[in-house]
1. Taking 0.36 nm per residue of sequence separation and subtracting the Cα-Cα distance, how much length would be gained by fully extending the chain between K31 and K86, in nm to one decimal?
2. Long-range amide H contacts for L46: which residues qualify at under 5 Å (H placed 1.01 Å from N, peptide plane, sequence gap of 5 or more or a different chain)?
3. List the residues, sorted by chain then number, that are 5 or more residues from F101 or on another chain and whose placed amide H is less than 5 Å from its amide H.
4. Return the distance in nm (one decimal) between the two label points of a simple spin-label model at E21 and L155, each offset 7 Å from Cα along Cα→Cβ.
5. Using θ = phi - 60° and the Karplus curve 6.51 cos²θ - 1.76 cosθ + 1.60, what whole-Hz ³J(HN,Hα) does each residue of region 29-39 get, with Gly and Pro shown as x?
6. Under a 5 Å amide H to amide H cut-off, with H placed in plane at 1.01 Å, what residues pair with Y37 once short-range neighbours are removed?
Amino acid sequence: MDRLWAPWRMNYIKTAKEQTECIFCEAAKTKDDASRYVVHRGAKALIIMNLYPYNNGHLMVSPYRHIPNLTDMDDDEMLDVMKLLKMSVEVIKRTLNPEGFNIGVNIGRFAGAGIEDHIHFHIVPRWRGDTNFMTTLSNTRVLPETIDQTYKRLLEAKR
Ligand SMILES: [Zn+2]
């Protein structure tokens, strides 16, 4: 799917080429949260922005450990992931005022996982009419803010 306005994309492609491991492990290790769009770090998991968002404010929660499956998560990781999903919803609500959410996980490439080796949960804010005519007719999505603008607003909304 093409997007009308994606100024961050070139940067991301450059970064992706230099990447040696998965984005969730890189995010877990970095000392510079802004460079990886890490929104929050919990005890066992983190919240990160999706750089190929389905909608503005699309976040992901992943455990720090590089594990592919729900069944690999221990009790502490499950608790922390659930806490961070809740925090993601709260921060998005305060920031972007959505009318609904899709929250879910794709396990395995054939289920649609982009990165199948490291489990991650998607939080996608939804608005009435967001599957609008632009998407339907021209396979193009219009995002109202840059990733950087949204990142800044999400950080400010954390409590
Ligand atoms: Zn990983």
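1. So the chain would gain 17.3 nm between K31 and K86.
2. Sorted by chain and number, the residues that satisfy this are S62, Y64.
3. HN-HN under 5 Å from F101: R126.
4. 2.4
5. 8, 5, 8, 10, 4, 5, 5, 10, 6, 7, 8
6. Placed amide hydrogens put nothing under 5 Å from Y37.
Each value in this text was obtained by applying a stated rule to the coordinates, not by laboratory testing. Quantities reported herein were computed from a predicted structural model and do not represent experimental measurements. Cβ coordinates were reconstructed from backbone atoms using ideal geometry, including for glycine residues, and neighbour counts include every protein chain displayed.
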